[in-house]
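Some notes on the structure that comes next.
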Amino acid sequence: MQQEASARGEPAGVATMQFRQGSAIRQLWETNLEVFQRDRMALFGLCIFAVFAIVAIFAPQIAPNNPLTPLKNNEGDWIKDAMPYWLAEPGEDEAEGYTNTFLLGTTNIGRDIYSQLIHGSRSALLVGFSAAAAVAVIGTVVGLLAGYYGGWVDAILMRAADVAFGIPFIPFIIVVSAFLDPSIWNVVVAMAVLLWRDTGRVIRSQVLVIKEQAFVSAARVSGASNLRIIFVYIAPSILPLSFLYGSFAIAWAILTEASVSFLGFSDPETISWGFMLQDAFNSLALSREAFYWIVPPGLCIMLTVMAGFFIGRGYEEVLFPRLRRM
Amino acid sequence: MSILSIRDLKVNYHTQDGTVRAVDGVSLDLDESQRLGLIGESGCGKTTLLKAIVQVLPRNGHIVSGEIKFKGMDLLKLPPAEMRQLRWREIATIPQASMDSLNPVQRVGSQLMKLLRVRGGYTKKAARKRAVDLFDVVGLDTERLMHYPHEFSGGMKQRAVIAMALALEPSLLIADEPVTALDVIVQHQILEVLRRLERELNLTVMLITHDISVVAQVCDSVSVMYAGRIVEEAKAEPFFASPAHPYSLGLQQAFPNLASPRDVLVSIEGYPPDLREPPAGCRFAERCPFVQETCHEIDPQLEVVGDGRMAACLRSNEMDDLRARAEDPTLWQNVEVTRLVGQPPTKSTDAGRGEPLGRPTITTHDEQADQPLADPCNVPLAVGNGRADLLLEMNDVSKRFKIGGGLAGLLRGDKEQTVYAVNNISFTLRRGESLGLAGESGCGKSTTGKLLVKLIDASDGQIVFDGADLSSVDDKELLGFRSRVQLMFQNPFEALNPRFTLYRSLTEPLIIHGWKDENERLQRVVETLDRVNLRPAEVFLDKYPHQLSGGQLQRVVLARALVLHPDFLVADEPVSMLDVSVRAGILNTTRRLARELGLATVYISHDLSLLQYTCDRIAIMYLGEIVEIGPSNEVINKPQHPYTQALIAAVPVPDPTIENPPLRIREGVPRPTEQFIGCPFAQRCPEVMEACLNVRPPFIADEQGHQAQCHLYGEHHNSPKLHREAEAAR
């Protein structure tokens, strides 16, 4: 539009003011947009997240029953181990005194599996996104400070990273859970405390490269302060890298939460997919061939984890174009 | 008989953005023991041609048509296995950046012997003997045969690569930029090796370079490439005496020459056409000062224009007249191309309609043009005169770096070493004065530049800028200093934030220094862009750095340095990354603006001819010390210090009739971790005396302020001479 203006002979100042509105944010948005335009897999991953996000937000509306309350039949007994209605023998439910409307059957204490699955998406996404945000933010800040300032700041932060690398992850979470009340937030805390190490290292190395570039020296010669150089000049260049590690962290967090729940260290009052698997495992669902209890949560975990990695891959391809050939 | 004959060769690269016709119809003949120099700026297809000959094109490169015959064999029809046999045995190449082509985990001699045994069929014993001979031939110490590449200096690696190329006695040697990125003294010695080998072995050589003086020194014939075509072909002597294509004319006048300095260097504005859609007419038309209507329509072919000479120009019959007119540098400045990189020029010639962005516009400069300046180098200077206009003073400034220390080093048990980057240098700079810092890489000139702009702090000594000692400024004073001192960088492709529009990059310094009003900032930015000849400035404001060519980018970098109207500019190798054709434009603009704005300038460069062209005074640095300083012409024409003399003698002369004399100094700068009691240059000095080893030489000045730090001119000048052999044994 600006060139049209100058061709029409309008004063340059008026026209040229328009182009720089919010240019930094716009550019970041464009980078993100590019990731999803270029890579169908990343777009697919984003769609998966979107579907789960909608499900999580409207979980109480979608789920037909309370996931924690055992359902009872007309006689007040728990509807234990009901088959999904599409598998059950016709007429069995009426004989037992209830109407079988359960898409995925019930658990051994009469909880609705489908409702559990719906509500499970809430804890998965909650843990996934908050842990990812924590990992990305801590890792980015640590990487920026260590890379930019170097010297003792770098030494202290990177030795701390070494320590974090030395702590085994799952046992650490179990210990954390033992000290704190059982809660899905334990996973988030443990990830925030440990997993910033990878992000921090990678971002530090990138900062080391960028800060040696002449445009950073130019900013310093122009009198820019350290904070301005870090956040205006260096940070925008490494932000896609933070997103990359963030999207991987989502997958890791969901996987970790499932593992921890499966091992029995989760809050029994919060339904998560890992908790469902543990519940199924403990009540010998496998031996009863209750695949409708085991497969759906497993599939959901797999889908969300895959979505995280698909998006990560998309960022990787934009960041490291050479990968595209492989 | 011609050993290599190329007919109408066309090579395409398939890229995401279209097909690039990198080589577009090149025909070329190379006779036995001919030494052909292929000249052209980057992106003109020189290296692609080389890769097509040895058939190592990248996967997206395809030979579309044409013929390459080597000793009667059609290389394009040869099965790959036979081609493999031919490479290295018959056609040897010295690739670009060949210093990195040695395997770092194998000893140099082992690599050479492995080649001889695997490809040459030598026995173990014979291979060893041959390797020793080859080391001898290229002037390498045979005791270094079993050293690793990292133990070699740049020049030694280059020699080793030449030895490897010659190992199997090829009939054709193709060297791609063999001396680029080497220091001038090393460059001189490598050229000498090449020249000697040509004579002794009667080699056939094809030398690819952008540097016409290298061609003048090594080759007997010249081909000039432009935009995928050969535009001129001639024997070296007539070519250098009277080029027959406007592009060659421009190239020749763009080159600074120490022996016969020009008042104003020519800059061929603009850049080569987009090879995805080459123009219908002459490819040089857009940048040619002699362009006519017909040039845009008729594609000129190579035609014989004289005794064994060929040129592709429609006006070649008027060449004598054009040559005379080309002497006028202002002629070349009247062409200005504002087309952006990656945008094909619009083909239609109808002017007047709404000008779309990126259309080449021809504008004529007014009084702001880079006119020749009256005798720029001969400003008389007197030392200690006029302290009022003293801007900057360096008093015994030193900078030391510690390496191998820190926590990691402590734990590993590394010994901390001190690098003496800058040692006790002192000089003064007056307002509006320009000083050049020259020397081999590692001499501390860039560190000095960083000290001057306070990117790093001095370890010792005092830097006084306009009366204020830089070591004791507070934050507020520092910000004031920052607004008055600016730095211009070597690599324009890195000097601008790739995520910022040019407006953003240029407006940053203004924001930092508290320019609140957006309109004022915009006005200043536009005015500055206009000053550096980026016109119309509005076109450039919302562009990103990757949309501009190197020359345009360097102008933006200059604009950013000048946007605050500083008093002092440090330019660190401002044109070394740019093509020769646009270098002069940057230098002329910088020089003109320095005059207009009363700017004091420090140019840092390894290129003495460039410093002679731009600077009032030149300082020569060696191992962190200034060994000689004085008015440019004095230093260049009457060098006092043996090191300066060697540096000047090593600069290749762009004239095939003059051969550079052999140097009396060894290549390779000692590591700057040592401190010397005597003269730091004593180790390499051809004139070394006893006193040089024990007594630090004082600065000895003549009445023009020309000073050299050398015993030859002082009280010790009668000290007994030492023989180099004795020195080497020590």
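The values are calculated or read from the model by the stated rules, or taken from the named source; none is laboratory data. Since we're looking at a predicted model, the values are computed, not measured. Counting neighbours? That spans all protein chains shown, and the Cβs are built from the backbone with ideal geometry, glycine included.
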> Just for the range A:74-98: of the residues that are outside any loop (DSSP other than H, G, I, E, B) and over 37 Å from the mean Cα position of the chain (by Cα), which one is surrounded by the fewest Cβ atoms within 10 Å (Cβ to Cβ)?
Replying inline: A:ALA95
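So that you can scan it fast, the table gives a plain yes or no per residue for (1) surrounded by fewer than 22 Cβ atoms within 10 Å (Cβ to Cβ); (2) in contact with a Lys or Arg (Cβ under 7 Å, 6 or more places away or on another chain); (3) of a type in the set (A, V, I, L, M):
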| position | (1), (2), (3) |
| --- | --- |
| A:GLY128 | no, no, no |
| A:ALA133 | yes, no, yes |
| A:ALA136 | no, no, yes |
| A:TYR149 | yes, no, no |
| A:ASP162 | yes, no, no |
| A:SER183 | yes, no, no |
> If you scan the range A:277-313, which residues turn out to be more than 17 Å from the chain's Cα centre (by Cα), buried (at least 21 other Cβ atoms within 10 Å of the Cβ) and small (Gly, Ala, Ser)?
Replying inline: A:ALA280, A:ALA285, A:ALA290
> Can we say B:ARG482 is within 9 Å of another protein chain (Cβ to nearest Cβ), crowded, with 20+ Cβ neighbours inside 10 Å and without any contact (Cβ under 8 Å) to a residue 12 or more places away in the chain?
Replying inline: no
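So if I check each of B:VAL526, B:VAL464, B:VAL453, which one is within 11 Å of chain A (Cβ to nearest Cβ), closer than 28 Å to B:ILE629 by Cβ and β-branched (Val, Ile, Thr)?
Unique residue meeting the criteria: B:VAL453.
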>> Residue under question is A:ALA7, and the condition is that it be within 14 Å of chain B (Cβ to nearest Cβ), at pLDDT below 80 and touching a helix residue (DSSP H, G or I) at 6+ places or on another chain (Cβ under 6 Å); does it hold?
In response: no
> Of all residues in the range B:584-604 being hydroxyl-bearing (Ser, Thr, Tyr) and in a helix (DSSP H, G or I), which is farthest from B:LEU392 (Cα to Cα)?
Replying inline: B:THR589
> Is there a residue in the range B:665-674 that is touching a residue at least 24 places away in the same chain (Cβ under 8 Å), in a strand (DSSP E or B) and of a type in the set (D, E, K, R)?
Replying inline: no
> Within the range B:682-705, can one find any residue that is closer than 18 Å to B:ALA646 by Cα, among the charged types (D, E, K, R) and modelled with pLDDT of 80 or more?
Replying inline: yes
> Quick one: is A:VAL189 at pLDDT below 90 and either facing another protein chain (nearest Cβ under 10 Å) or part of a helix (DSSP H, G or I) (or both)?
Replying inline: yes
> Would you pick out the residues in the range B:228-239 that are under 22 Å from B:VAL26 (Cβ atoms) and assigned to a helix (DSSP H, G or I)?
Replying inline: B:ALA236, B:PRO238, B:PHE239
>> Quick test for you: out of B:THR673, B:THR644, B:THR601, pick the one residue that is touching a Ser or Thr at 6+ places or on another chain (Cβ under 7 Å), polar (S, T, N, Q) and buried (at least 23 other Cβ atoms within 10 Å of the Cβ).
In response: B:THR601
> Taking the stated definitions as given, is B:MET73 out of contact with any strand residue (DSSP E or B) (no Cβ under 9 Å at 6 or more places or on another chain) and touching a residue at least 24 places away in the same chain (Cβ under 8 Å)?
Replying inline: no
>> I'd like the residue in the range B:543-558 that is buried (at least 20 other Cβ atoms within 10 Å of the Cβ) and either within 12 Å of another protein chain (Cβ to nearest Cβ) or touching a Gly at 6+ places or on another chain (Cβ under 7 Å) (or both) and, out of all such residues, is farthest from B:THR507 (Cα to Cα).
In response: B:GLY551
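With B:ILE39, B:ILE94, B:ILE63 as the choices, which residue is β-branched (Val, Ile, Thr) and free of Cβ contacts under 8 Å to residues at least 60 places away in the same chain?
On the way: B:ILE39 fails: free of Cβ contacts under 8 Å to residues at least 60 places away in the same chain; B:ILE94 fails: free of Cβ contacts under 8 Å to residues at least 60 places away in the same chain.
When all the criteria are applied, what remains is B:ILE63.
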>> Name the residue that is surrounded by the most Cβ atoms within 10 Å (Cβ to Cβ), counting only residues in the range B:486-510 that are touching a strand residue (DSSP E or B) at 6+ places or on another chain (Cβ under 7 Å) and more than 7 Å from chain A (Cβ to nearest Cβ).
In response: B:MET488
>> Given the condition surrounded by fewer than 23 Cβ atoms within 10 Å (Cβ to Cβ) and without any contact (Cβ under 8 Å) to a residue 40 or more places away in the chain, answer yes or no: does some residue in the range B:146-158 qualify?
In response: yes
>> Considering only residues that are assigned to a helix (DSSP H, G or I) and in contact with a Lys or Arg (Cβ under 9 Å, 6 or more places away or on another chain), which ones fall in the range B:612-633?
In response: B:TYR613, B:THR614, B:SER632
> Where in the range B:386-447 are the strands (runs of 3 or more DSSP E), entirely inside, with at least 2 residues that are surrounded by fewer than 17 Cβ atoms within 10 Å (Cβ to Cβ) and either at pLDDT below 90 or within 14 Å of another protein chain (Cβ to nearest Cβ) (or both)?
Replying inline: B:390-403, B:417-430
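Yes or no, residue by residue, for (1) modelled with pLDDT under 80; (2) within 14 Å of chain B (Cβ to nearest Cβ); (3) surrounded by 13 or more Cβ atoms within 10 Å (Cβ to Cβ); (4) part of a helix (DSSP H, G or I):
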position: A:ALA15; (1), (2), (3), (4): yes, yes, yes, yes
position: A:PHE19; (1), (2), (3), (4): yes, yes, yes, yes
position: A:ALA24; (1), (2), (3), (4): yes, yes, yes, yes
position: A:LEU33; (1), (2), (3), (4): yes, no, no, yes
position: A:ALA42; (1), (2), (3), (4): no, no, yes, yes
position: A:GLN61; (1), (2), (3), (4): no, no, no, yes
position: A:ASN65; (1), (2), (3), (4): no, no, yes, no
position: A:ASN100; (1), (2), (3), (4): yes, no, yes, no
> From the residues in the range A:200-209 that are touching a residue at least 24 places away in the same chain (Cβ under 8 Å) and of a type in the set (Val, Ile, Thr), which one is farthest from the other protein chains (Cβ to nearest Cβ)?
Replying inline: A:VAL202
> So which pairs qualify, if the first residue must be in the range B:304-330 and touching a residue at least 40 places away in the same chain (Cβ under 8 Å) and over 17 Å from B:CYS282 (Cα atoms), the second must be buried (at least 20 other Cβ atoms within 10 Å of the Cβ) and among the β-branched types (Val, Ile, Thr), the Cβ gap must be under 7 Å, and the two must be at least 6 apart or on different chains?
Replying inline: B:PRO329/B:VAL264; B:PRO329/B:VAL266
>> Out of B:ARG84, B:ARG59, I need the residue that is part of a loop (DSSP other than H, G, I, E, B) and either under 23 Å from B:LEU197 (Cα atoms) or not hydrophobic (A, V, I, L, M, F, W, C) (or both). Which one?
In response: B:ARG59
> Listed residues B:ASP24, B:ASP8; which is part of a strand (DSSP E or B) and surrounded by fewer than 17 Cβ atoms within 10 Å (Cβ to Cβ)?
Replying inline: B:ASP8
>> With the structure loaded, tell me whether B:VAL222 is closer than 30 Å to B:ASP136 by Cβ and at pLDDT 85 or above or whether it fails that test.
In response: no
> Which one of these does B:ARG89 not meet: (1) buried (at least 18 other Cβ atoms within 10 Å of the Cβ); (2) touching a residue at least 24 places away in the same chain (Cβ under 8 Å); (3) closer than 28 Å to B:LEU28 by Cα?
Replying inline: (1)
> Restricting attention to the range B:161-179, does a residue exist that is in a strand (DSSP E or B), over 17 Å from the mean Cα position of the chain (by Cα) and charged (D, E, K, R)?
Replying inline: no
